[in-house]
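Before I ask anything, here is the structure I am working with.
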């Protein structure tokens, strides 16, 4: 299946058959196979195009595959409480910078 979803695939085939009957029902039966394959190929291509656009909007609005909205907190990296080793290295770096600034002349410290 091109869609990985049985219901979607059946809908596409049904739409292709309906279009074949509506548009080309008066053609000889010998042409129906090629016409149906062409219509089906177009319908599958259209489905992929629509699903791509639909997925872009889902990502933009933060929807998961079930259509539920993700919490914005889940998408933002946690920075309020850094890891202890990162916090310690940041503290040491801050102390070192303060020591270096203290060694500068008063005018440059400002």
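If you check every pair at least six apart or on different chains, which have Cβ atoms under 6 Å apart with a residue in the range 88-110 that is in a helix (DSSP H, G or I) first and a residue that is surrounded by 10 or more Cβ atoms within 10 Å (Cβ to Cβ) and modelled with pLDDT of 80 or more second?
109/101
Go over the candidates 34, 9 one by one and state the one that is under 18 Å from residue 51 (Cα atoms) and either in the same structural domain as residue 51 (by TED's automatic domain parsing) or outside any helix (DSSP H, G or I) (or both).
Only one candidate qualifies: 9.
A further question follows. Is it the case, given these coordinates, that residue 65 is exposed (fewer than 10 other Cβ atoms within 10 Å of the Cβ), at pLDDT below 90 and within 19 Å of residue 6 (Cα to Cα)?
Considered against the rule, which asks whether it is exposed (fewer than 10 other Cβ atoms within 10 Å of the Cβ), at pLDDT below 90 and within 19 Å of residue 6 (Cα to Cα), residue 65 comes out as yes.
Quick check, is residue 82 surrounded by 10 or more Cβ atoms within 10 Å (Cβ to Cβ) and either modelled with pLDDT under 80 or part of a loop (DSSP other than H, G, I, E, B) (or both)?
Criteria met by residue 82.
The values are calculated or read from the model by the stated rules, or taken from the named source; none is laboratory data. Just so it is clear, the structure is predicted and the values come from calculations on it, not from any experiment. Every residue, glycine as well, gets a Cβ built from its backbone with ideal geometry; the counts of neighbours run over all protein chains shown.
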